[in-house]
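Engineer: Right, I'll just put the structure down here and ask away after.
The numbers here are math on the coordinates, done by the rules we state, and not lab data. Note that this is a predicted model, so its numbers are computed, not measured. Cβ: placed from backbone, ideal geometry, glycine included. Neighbour counts: every protein chain shown.
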C-alpha cells in the first residue's frame with residue numbers, strides 16, 4: 001500500500017519543480033532588474049544557500065533535533081573538496097606539506113564532490129551513533145550540544161592544521177578561472193535537493209521520524225525505532241549539505257576556517273526557521289526572504305536611507321543604517337521569530353500538499369467499507385510472573401504476575417497507586433523490572449525494548465493521551481500501519497481508511513490530531529494502536545475523564561476494535577463498572593501485588609477486593 | 001609529581017572561572033529549562049564597559065564593581081527583553097532564542113563600536129608569581145581560587161538558608177508545583193537572572209583582567225566554557241555545574257601540557273571530542289538529576 005504514487009511521489013515531484021522554478025525564476029528576474037556582477041553573485045549565493053538550508057531541513061525539520069553541526073559537516077565536505085580538486089601546482093604553493101600525499105592528488109571537480117559527500121556522510125554516521133547513544137530526541141539539549149561540539153572541532157582543526165587547510169590567514173584558493181563558470185551544476189543540485197527533501201518527508205523513514213518528533217515515547221510504543229530514522233535523516237541531510245558546501249567553495253574560489261563557522265550557522269538556521277523548519281516550502285521561502293532582507297539591510301547600511309524625505313542624506317537615521325546592519329538584522333530576525341512566530345511563516349504547510357488538496361476538493365472520497373472481523377490469534381500468550389519494580393525504596397510492584405491469552409479481555413483493577421500502570425510499563429518495556437520475567441508466546445522478552453515489544457504485537461494506549469498532534473488523523477494511523485506492514489507480516493493488517501471509518505473518525509480524517517475533542521482523541525489512539533494488528537492491546541484507563549455514557553460507548557468501541565483486528569485486550573481501570581462490563585477475567589491489584597483473580601463475579605465477591613477496593617472507592 | 005601539582009593549581013584557577021560561569025548557566029536552566037547560549041554576552045557587555053571606564057582613567061578598584069553591576073544589569077535586561085517572552089516555550093525555541101540574543105548583542109557592538117579588538121590596561125599583579133618550593137604559583141590564580149570559594153560558599157548559603165534560595169530550588173525541582181505552592185514565578189526567574197549575572201560578573205572580572213581586551217564576539221569562549229561545564233556536571237544540578245567547571249579547567253590544563261607537540265595546538269578540539277564522548281556515554285552528565293516522565 002505504500003508508497004502511493006499520486007500522493008507520495010507525483011505531487012512532491014511537481015511541487016519541487018514549482019519551488020525550483022519560483023526560486024530560480026526570482027533570481028533570474030532580480031538579475032534582469034539589477035544587472036551586474038554583484039547581483040549575479042547574490043543570486044548564485046542564494047541558490048547555494050538554498051541547497052544547504054534544504055539539507056539542514058531534512059534533519060532538523062523531520063527529527064526536531066536542533067543541529068548546530070551541519071555547517072561543521074559543510075566544513076568537512078568543503079575542505080575535502082578543495083584539497084582534492086585544487087591542482088597539484090596550486091597546492092604546492094600553499095600546502096606543499098599536505099599529509100597523506102594529498103599534495104599530489106589531482107581530481108576532477110565532479111569526482112571531488114562525490115568523495116567530499118562520502119567523507120561527510122562517514123562523519124555523519126559517526127556523529128549519528130553518538131547522537132543515538134545520547135538518546136537524541138526532539139528538542140534534546142545534549143544532542144544539540146554534541147552537534148555544537150562538532151562545529152567547534154571542525155573549526156579548531158581547520159584553524160590549527162595549516163598543513164592541510166592553509167590555516168586561518170592563508171586558507172585555500174582556487175586559481176582564477178577555476179571557479180564555477182556556469183550555474184548548471186547549482187541548478188541541478190538545487191532541484192535534486194528539493195526532490196530528495198520532499199520525497200524523504202513522504203517516505204516511510206520520514207514519516208516515522210516525524211512521528212517520533214511529535215511524540216518520541218508514543219512512536220516507540222507503536223514500534224518505531226526513532227534512532228534508526230534519525231540516522232537515515234542525518235545521512236541524507238549531510239549529503240545534501242556536503243554538495244552545497246562543495247559548490248559554495250567552488251563558487252567562492254577560496255576557503256577560510258571562518259567561512260564555515262558561527263555566522264554561516266546563524267544565517268542558515270535563520271533562513272530555516274523564518275520560513276518554517278517543518279516544511280520544505282518554508283525552507284525555500286526562508287532563503288528567499290532572508291536573502292532579500294539581508295541584501296536590503298546591507299544596502300541600507302552602506303548607502304543610508306533616502307526615501308519619502310525620511311533619513312535624507314542618510315543623516316537622521318544614521319544611527320541605524322550603518323555598516324554591519326545585516327548581522328543585526330539576522331540576529332533580530334532569529335529573536336523575533338522565536339518570540340512571536342517560532343514555527344516560522346509557513347509552519348508545516350507544503351505547496352504540493354495544498355495543490356493536491358485543492359485538486360481533490362471536488363472529488364469526494366467514498367466512505368470505506370466496514371472491515372471484516374479477523375479471527376483472533378488465540379494461540380498467542382502473554383505471561384508475566386514475579387515482577388518486582390522498585391523506585392528508590394518504594395516497591396511499586398512486588399511478586400506481581402499476569403497471564404493473558406489471545407482473544408480474551410483481561411481487566412486489571414485496583415485503586416490509585418496499586419501498580420497497574422507500572423505493570424503495563426513493564427510489559428511495554430518502559431520500566432525495567434528489578435526481578436521477575438515476562439514472555440510472549442513462551443519467548444522471554446523481559447529485557448526487550450519498547451519498539452521491539454510493539455513489533456511483537458504488544459501495543460498500548462496512554463492514560464494521558466499521546467497522539468502525534470501535528471499529524472492528521474489519517475497520518476497518525478498510517479504510522480502504525482507502516483510498522484505493521486514491515487513487522488506484523490504474519491497477521492491480517494487492517495486497511496487504515498477502513499479502520500478510521502470503524503473508529504467513527506472518517507469525517508475527521510484530514511484534521512490534525514490536536515484539533516480533535518477528547519472522545520475522538522481517545523478513539524484515534526485506539527485506532528492507531530489497532531492499526532498495528534496487535535496480538536494484545538493494552539489500554540491504560542481508556543475511560544478516564546469520560547462520562548458514564550461515554551464509558552459505555554467506549555466498552556463497545558474497545559470490543560469492536562479488538563474483534564476487528566483479532567487482538568486480545570488487557571485493560572486497566574479503577575472504574576469497577578467499566579472493568580466488570582468489559583472483561584472475561586479480572587486481576588485485582590492493591591499495593592503492588594495481585595490480591596485476587598478470576599471472573600468478574602468471583603472478583604467482585606472477593607472479601608479482600610471489597611476491603612481494599614470498594615472500601616476505599618472514593619477515587620473511582 | 002611537581003609538574004602534576006603545578007597543573008592542578010593552574011587547572012583549579014582556570015576551573016574556578018568556569019565553575020562560576022557554569023553555575024550561572026545552571027541556575028537559569030533550573031528555573032526556565034533554558035540553556036543560555038547568551039551567557040557569555042554578559043562578559044562582552046561588561047568588557048566594553050571596562051574598556052570605556054579604563055579609557056576614562058578608572059582604576060581596577062572602580063572597574064571591578066562596574067563590571068559586576070553591568071553583568072547583573074545586562075542579565076536582567078536580556079531577561080526582560082527576550083527570555084520573558086518565551087517562558088514555557090519548547091526547548092527548540094528556547095535554544096534558538098538564546099542563540100539569537102548572543103548574535104544581537106555581539107552585532108550591536110559590531111555596529112556601534114567596531115569589529116576590531118579593544119584593549120585596556122590590566123592590573124599589574126596579574127602576571128606576578130610567587131614560589132612555594134619548586135612550584136610557581138600565580139598571584140592571580142590564588143586570588144581567583146579564594147574569591148571563587150567565597151562566592152560558592154555565599155551562594156550555597158543563599159540557596160540553602162534564604163527564602164529566595166528555597167523558592168529557587170523548589171522552582172528548579174518542579175516549576176509548576178512551586179508556582180502552585182505560592183512561589184512567585186516572576187520574582188524567582190528575575191532573581192535567578194540577577195544571581196546568574198552576579199556570578200558571570202565575578203567570573204567576568206577575572207576573565208577581563210586576564211585577557212585585557214574585548215571584541216564583539218568575545219562572548220563565545222566564556223559562553224562555551226560555561227555551557228559545556230554545566231553540561232559536563234549534569235544540567236539542572238548546581239553542584240554538578242561547579243564540579244563540571246573544575247573538571248573542564250583541569251582537563252584543559254592537563255591536556256595542554258601533556259599532549260604531544262604535534263597535537264598540542266588542537267587541545268581545544270581534543271577537549272570538544274572528549275566532551276562529546278562524555279555525552280555519548282553519559283548523556284545526563286556526571287551528576288544525574290532525575291527527570292521522570294509520567295506515562
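Engineer: So for A:583, B:187, fewest C-beta neighbours within 10 Å to most, what's the order?
Structural biologist: Numbers: A:583 23, B:187 12.
Arranged by neighbour count, lowest to highest, A:583, B:187 become B:187, A:583.
Engineer: Something else now. How big, on average over all directions, is the shadow cast by the Cα convex hull of region A:24-101, in nm²? Don't jump to the answer; show the numbers that get you there.
Structural biologist: Details: hull surface 32.3 nm².
Dividing the Cα hull surface by four gives the mean projection, 8.1 nm².
Engineer: Right, next: Arrange the peptides B:247-256, B:41-50 so that the one whose residues have, on average, the most other Cβ atoms within 10 Å appears first.
Structural biologist: Values: B:247-256: 20.4, B:41-50: 27.5.
Order by mean packing, descending: B:41-50, B:247-256.
Engineer: With just the Cα atoms defining each centre, how far is region A:100-158 from region A:253-297? Give it in Å.
Structural biologist: 20
Engineer: Calculate the length of the line joining the C-alpha centroid of region A:50-65 to that of region A:553-586, in whole Å.
Structural biologist: Comparing the Cα centres of region A:50-65 and region A:553-586, I get a distance of 43 Å.
Engineer: Per residue Cα convex hull volume for the protein assembly as shown, in cubic angstrom?
Structural biologist: Numbers: hull volume 186.3 nm³, N = 915.
Enclosed volume per residue, from the Cα hull, is 204 Å³.
Engineer: Relative to the first principal axis of the alpha-carbon coordinates of chain A, what is the inclination of helix A:351-360, with its axis defined by its Cα atoms, in degrees from 0 to 90 and to the nearest 10?
Structural biologist: Taking the Cα atoms of chain A, the angle to A:351-360 is about 60 degrees.
Engineer: Run the simple label-point estimate for residue A:514 and residue A:40 please: 7 Å along Cα→C-beta, distance reported in nm.
Structural biologist: With each label placed 7 Å out from Cα toward Cβ, I get 4.6 nm.
Engineer: Contour minus end-to-end for residue A:469 and residue A:129, with contour as 0.36 nm per residue of separation and end-to-end as the Cα-Cα distance? Can you show the working numbers first?
Structural biologist: Working: separation 340, 0.36 × 340 = 122.40 nm, distance 2.81 nm.
So the extension gain works out to 119.6 nm.
Engineer: Among DSSP beta bridges lying fully in chain A, give the percent that are antiparallel, nearest 5. The partial results should precede the final answer.
Structural biologist: Working: 24 of 41 bridges.
Within chain A, antiparallel bridges account for around 60 percent of the total.
Engineer: Assuming R0 = 45 Å, what is the FRET efficiency of residue A:444 and residue B:286, from their Cβ-Cβ distance, to the nearest 0.05? List each step's numbers first, then the result.
Structural biologist: Numbers: r = 35 Å, r/R0 = 0.77.
Efficiency, from the Cβ-Cβ distance: 0.85.
Engineer: Follow-up. In what order do A:251, A:258 fall by count of nearby beta-carbon atoms within 10 Å, going from fewest to most? Working shown, then result.
Structural biologist: Details: A:251 18, A:258 14.
Final ranking by Cβ density, sparse to dense: A:258, A:251.
Engineer: Hey, got the average number of other protein chain Cβ atoms within 10 angstrom for residues in B:262-272? Don't skip to the answer; put the middle values down first.
Structural biologist: On the way: counts 1, 2, 1, 6, 6, 2, 7, 11, 2, 4, 11.
The mean count of partner-chain Cβ atoms within 10 Å per residue comes to 5.
Engineer: With a cut-off of 8 Å between alpha carbons and a minimum separation of six or more residues, what is the relative contact order of region B:1-145 in percent? Display every interim value, and only then the final one.
Structural biologist: Working: 117 pairs, mean separation 48.4, N = 145.
Reported relative contact order: 33 percent.
Engineer: Provide the gained length on full extension for the span residue A:452 to residue A:408, in nm with one decimal, where the gain is 0.36 nm per separating residue minus the Cα-Cα distance.
Structural biologist: Difference between extended and current length: 13.6 nm.
Engineer: Pop a pseudo-label 7 angstrom from the Cα along the beta-carbon direction at both residue B:146 and residue B:213 and give the gap in nm to one decimal.
Structural biologist: 3.0
Engineer: Considering only C-alpha atoms, what is the centroid distance from region A:331-385 to region B:32-83, in Å?
Structural biologist: So the separation of the two Cα centres works out to 47 Å.
Engineer: Could I ask something else about it? Normalized C-alpha radius of gyration of region A:381-619, against 2.2 N^0.38 Å? Walk me through the numbers on the way to the answer.
Structural biologist: Working: Rg = 17.2 Å, N = 239, 2.2 N^0.38 = 17.6 Å.
With N residues counted in region A:381-619, Rg over 2.2 N^0.38 Å equals 0.98.
Engineer: Rg and Dmax of chain B, using alpha carbons, in Å: what are they?
Structural biologist: Over chain B's Cα set, Rg and Dmax evaluate to 19.1, 62 Å.
Engineer: Apply 1/(1 + (r/R0)^6) to the Cβ-Cβ distance of residue A:399 and residue A:372, taking R0 = 41 Å, and write down the FRET efficiency to the nearest 0.05. Mind dumping the intermediate values first?
Structural biologist: Numbers: r = 42 Å, r/R0 = 1.03.
E(calc), rounded to 0.05, equals 0.45.
Engineer: Round to the nearest 0.05 the FRET efficiency obtained for residue A:29 and residue A:302 when R0 = 22 Å and r is the Cβ-Cβ distance.
Structural biologist: Numbers: r = 23 Å, r/R0 = 1.04.
It comes to 0.45.
Engineer: Would you please put A:363-369, A:141-147, B:83-89 in order of how densely packed they are, using the mean number of other Cβ atoms within 10 angstrom per residue and starting with the highest? The partial results should precede the final answer.
Structural biologist: On the way: A:363-369: 10.0, A:141-147: 25.0, B:83-89: 16.9.
The packing order, highest mean first, is A:141-147, B:83-89, A:363-369.
Engineer: Could you give me D for region A:5-261, from Stokes-Einstein at 4 °C and 1.567 mPa s, where the hydrodynamic radius is the Kirkwood radius over C-alpha pairs? Units µm² s⁻¹, please. Numbers along the way, then the final one.
Structural biologist: Details: Rh = 19.1 Å.
Rounded to a whole number, D works out at 68 µm²/s.
Engineer: Work out how much length residue A:556 to residue A:182 would gain on full extension: take 0.36 nm times their residue separation and subtract the Cα-Cα distance, in nm to one decimal. Walk me through the numbers before you get to the answer.
Structural biologist: On the way: separation 374, 0.36 × 374 = 134.64 nm, distance 6.69 nm.
Gain on stretching residue A:556 to residue A:182: 127.9 nm.
Engineer: With angles folded into 0 to 90 degrees, how steeply does helix A:204-214 sit against the dominant principal axis of chain A? Use alpha carbons for both and round to 10.
Structural biologist: It is inclined by approximately 80 degrees.
Engineer: What value, in deg cm²/dmol to 500, does the helix sum -39500 (n - 2.57) over DSSP H runs of n ≥ 4 give at 222 nm once divided by the residues of chain A? Kindly include the intermediate steps, with their values, before the conclusion.
Structural biologist: Details: 24 runs with 335 residues, N = 620.
So the calculated ellipticity at 222 nm is -17500 deg cm²/dmol.
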